[in-house]
Structures are given as C-alpha cells and as structure tokens.
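Heads up, the thing below is written out as structure tokens.
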Amino acid sequence: MARDADEGPVGTGGAGTDRSEGFGERLLGDLLDRAHEMPPHLIAPLIAEEVGRVGGRKVSILLQDYAQLLLVPLPGKGLYGAETEPIADSPAGSAFLRGVPVEIREKHGVRMYLPLLDGSDQVGVLALTLDSVDDDDRRLLGRLSGLVADMLVTKNGYTDQFFQARRREPMSLAGEIQWSLLPPLAMSVPQAEVAGILEPAYDVAGDSFDYALNGNMLHAAMLDAVGHGVRAANIATIALGAYRHARRLPSDLPDTYSAMDEAIRELFGPEHFVTAQMMRLNISDGSLEYVNAGHPSPLLVREGRVLGNLEAPTALPVGLGGDPPEISEHRLRPGDRVLCFTDGLIEVNPRGAAPDFDEERFAELVDRVHRAGDGLRGTVRALSHTLRQSRGWVTADDATLFMLEWRGGQDTSAVDELEGPR
C-alpha cells in the first residue's frame, strides 16, 4: 500500500509546525466528509472508490440477512458482484461471527474479510483484495471498516435499500412491525454481553425482546403476546412501549409490570395478555433481579453446562390484572449465562406430533451447543437454527431466544459523569 511522504519541516509550534495529515487520516477524513450529505444509495460506491485509493479491489459489502443464515452483497456501482455467503461455513461468516479479520491467500493477492462493527453490533463484512498486506494495512483497514459500519447504520435510518438487500424472502406486516421495534440483536461491553434471535424471522408476530445499559444497570425483557399476526404484533408493541416508558422514568420491576398490565387492559381488554420476563443485572457485581409473568423459567448456564432453571414466583401475564410480582434475586458468577426463551421453542410441533424439544431435551441441546465454544452470539444462533432444522425449517409459533452473559470485571460506577439513568 502506498504511503505519502511527510510534508514540510517538523517544529515545536507556530508557523514551522508540520500540520499535514498522514495518509490514513486523510483517507478516513475524506470518506467522512464526502459521506456527510451523500444519499444512501451512493454510500457503497463511495466506499469502493475510497478502498481503491489504498490499492484494494473486488470490494464487496456483505450484510446479514434477517434469518441470520447468510451474508448478502449490497448492490452498487463499483462493487464486486460477490456471491451470497453462508454464515456457518465461509471466511466471511467466520469474520462476522468472531468479530476479527480473516485473510485468505490467493494466487494474485490476499482476500481480506473485515467485520463491520458498530460498537459491538455486527452489521456485516467488508471484503476486498490487496496485492499484499502488512501491519500498517491491517491497522488502516480496521479503522476504515469501523467507519464504514457507522456510516451504514446512520444511513440505514432513512433508506429502505439496506433492508431490501437483507430480506431474502417476503416479510409479513406483523414481521415488519416487530423488526422495527427491536434493539440491535447483540451488544457487548467488557462486563456483559447480550444476544437475541427471532423465529420465524420473516413472519414473527407476538414475540419481542429489549435491553438497555444505563450506567452499571443492564435492563432486559422478553415478551410474548397472545395470538398471531398483526393483532399480536400490536399487543407486543404496546407492551414494549409501556416497558420502555416505565424503565426510563425510572421504575422498579413491580411498577414496570403494573404499567404494562394497565396499558394492555386499557387498550385490548381482558382476553388479551402478554407473558413476560424482566431482569435487571448490575454488571459491577453480578447481582440479578428478575420477575416472571407467565413465561418458561430461564436457564442458568455455568461453565458450558445448564445448572437448571432460575426459579421465581410466577405472576399473571400482563393484561390480566394480577398483583405486582415478587422480585427474585440471584448472584451470578463471572462467565454465567442466563438463557430466556418463549414457549414456541418447547411446546409446538408443526407436524402435530409430540414436541421435538421438551425442556429436558432443550437443556441437553443447550449443553451440546455450548461445547462448540462459538461465543454468545454464535451459541444463540446455533440453538435457534438447530431447533428449526429439527422441524424441517417450519415454525408454527414464534420461537425467540435471548441470552445474557455476565463476565465480571472492573466496577465502572466511579465514572459518574458518563452514567445515564438507573
């Protein structure tokens, strides 16, 4: 990769000081300046052009499809006509799942696959070919891929182009509603990580999950609205909105439950309800508070094995006028994972036979997938896809997974000025 020579003398200040930018800084700055007001459909060609300035060719931007099975190429002038890549068994998929670059030596250069990470959220993969690669190239391209990820996330807020590239089959109206409500599917900080997945990805209706990290408090919820189709999606929308509103006041878990219950009863009447789990994890010490409103009990996974359920007194689902729930408490150990799931994973078989996975068989599957050591995101993805594959990739009910991991680590509460509401 070419480098520009220094320009002018280096001094200690004043008129003689060298204020020239290095090559990498100029490249990234130019990309950022040009992208600022550029329409979304021109972003991918701009990225290809800028990568070309560092000698990169055959540039592709690969985005994760909604079912989390494939990495699909984003179309655009100047982009290489790459094939769709399977996440499970490809260099691009490896870079995506592990969050680290993958380099493949080829006859005429090196093919690089760079994870596009917006913070810790996996956006996709930037692929390109260079004649050769050194540490300076790796450093610059790592920074470039981070900037590209941020740009794609920002532009995604006001275009359908990226959504349409990721959609590999028709999506129902209920599915559109649910996907519009979700936070990023994964989030990671040094003390904790979360990941979730919805099935069927293109026709999910009543299931949803949410999380927020406010200071040292990680809030998480999983919801399952009664029914199917748009009505279930509407009920889940109100329940999720009430949950977020109460959380941001802020309210404790019993008051949050009551706020959700009141909203569902007022708008939908006594025959409609939502099962829910709500948690608060203090990431500085691993203390976990949770309530269970009619959901299957979450599983506690320690050292790759299911220890059992996190039992808690079960309250009525929200919307049925139940009393505020009792808070259960648990102290996690570093490395512990908590797996929440909706009843569609263990109660429904689309062929009408006995369930493929009761809770005992489901726990055995969790143990087996954890032994593969694919990390939290890979584990959630593998669990969901293994369950769907056992049912011929047909799902008769929403089947959602959400997992959190507490890693332990340094208490960040001393940085008071950076903390949000608790």
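Sub-9 Å Cβ pairs linking a first residue in segment 385-412 that is on the phi > 0 side of the Ramachandran plot to a second residue that is small (Gly, Ala, Ser) and at pLDDT 80 or above, at least 6 apart or interchain, are Gly408/Gly286; Gly408/Gly335; Gly409/Ala192; Gly409/Ser284, ordered by first then second residue.
Listed here are the residues, each with its yes/no results for (1) crowded, with 22+ Cβ neighbours inside 10 Å; (2) not assigned by TED's automatic domain parsing to the domain that holds Ala35.
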| residue | (1), (2) |
| --- | --- |
| Val123 | yes, no |
| Tyr158 | no, no |
| Asp207 | yes, yes |
| Met217 | no, yes |
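Cβ separations smaller than 6 Å between residues 6+ apart or across chains give the following pairs from segment 273-291 residues that are without any contact (Cβ under 8 Å) to a residue 40 or more places away in the chain and in the same structural domain as Val226 (by TED's automatic domain parsing) to residues that are part of a strand (DSSP E or B) and buried (at least 22 other Cβ atoms within 10 Å of the Cβ): Val291/Met278.
Which of the residues belonging to segment 373-391 are among the small types (Gly, Ala, Ser) and either within 15 Å of the chain's Cα centre (by Cα) or assigned to a helix (DSSP H, G or I) (or both)?
Let us first name the residues in segment 373-391 that are among the small types (Gly, Ala, Ser), namely 373, 375, 378, 382, 384, 390.
Selection gives Gly375, Gly378, Ala382, Ser384, Ser390.
Candidates in segment 32-59 are the residues that are in contact (Cβ under 8 Å) with a residue 40 or more places away in the chain, more than 26 Å from the chain's Cα centre (by Cα) and outside any loop (DSSP other than H, G, I, E, B); of these, the one that is surrounded by the most Cβ atoms within 10 Å (Cβ to Cβ) is Val51. Only one entry in Asp137, Asp203, Asp224 is over 25 Å from Gly294 (Cα atoms) and of a type in the set (D, E, K, R), namely Asp137.
So is Arg280 under 23 Å from Ala174 (Cα atoms), within 21 Å of the chain's Cα centre (by Cα) and at pLDDT 95 or above or not?
Values: under 23 Å from Ala174 (Cα atoms): no; within 21 Å of the chain's Cα centre (by Cα): yes; at pLDDT 95 or above: yes.
Against the criterion (under 23 Å from Ala174 (Cα atoms), within 21 Å of the chain's Cα centre (by Cα) and at pLDDT 95 or above), Arg280 does not qualify.
Of the numbered criteria (1) in contact (Cβ under 8 Å) with a residue 24 or more places away in the chain; (2) surrounded by fewer than 16 Cβ atoms within 10 Å (Cβ to Cβ), the one Leu198 fails is (2). Among the residues of segment 212-233, those identified as farther than 16 Å from Gly175 by Cα and touching a residue at least 60 places away in the same chain (Cβ under 8 Å) are Leu213, Asn214, Gly215, Asn216, Met217, Leu218, His219, Ala220, Met222. Taking the stated definitions as given, is Phe162 crowded, with 20+ Cβ neighbours inside 10 Å and under 30 Å from Val51 (Cα atoms)? Yes: the conditions hold for Phe162. Residues in segment 288-313 that are in a strand (DSSP E or B), out of contact with any Lys or Arg (no Cβ under 6 Å at 6 or more places or on another chain) and surrounded by 17 or more Cβ atoms within 10 Å (Cβ to Cβ): Leu288, Tyr290, Val291, Asn292, Ala293, Gly294, Leu299, Leu300, Val306.
Residues in segment 340-359 that are modelled with pLDDT of 80 or more and either among the polar types (S, T, N, Q) or over 20 Å from Leu223 (Cβ atoms) (or both): Thr342 alone. Only a single item in (1) under 17 Å from Ile47 (Cβ atoms); (2) in a loop (DSSP other than H, G, I, E, B) is not met by Glu83, and it is number (1).
Restricted to segment 88-174, the set of strands (runs of 3 or more DSSP E) holding at least 1 residues that are more than 23 Å from Pro39 (Cα to Cα) and free of Cβ contacts under 8 Å to residues at least 12 places away in the same chain comprises 102-106.
The values are calculated or read from the model by the stated rules, or taken from the named source; none is laboratory data. Treat the numbers as computed from the prediction; the structure is a model and nothing was measured. All Cβ positions, glycine included, derive from the backbone under ideal geometry; neighbour counts span all protein chains shown.
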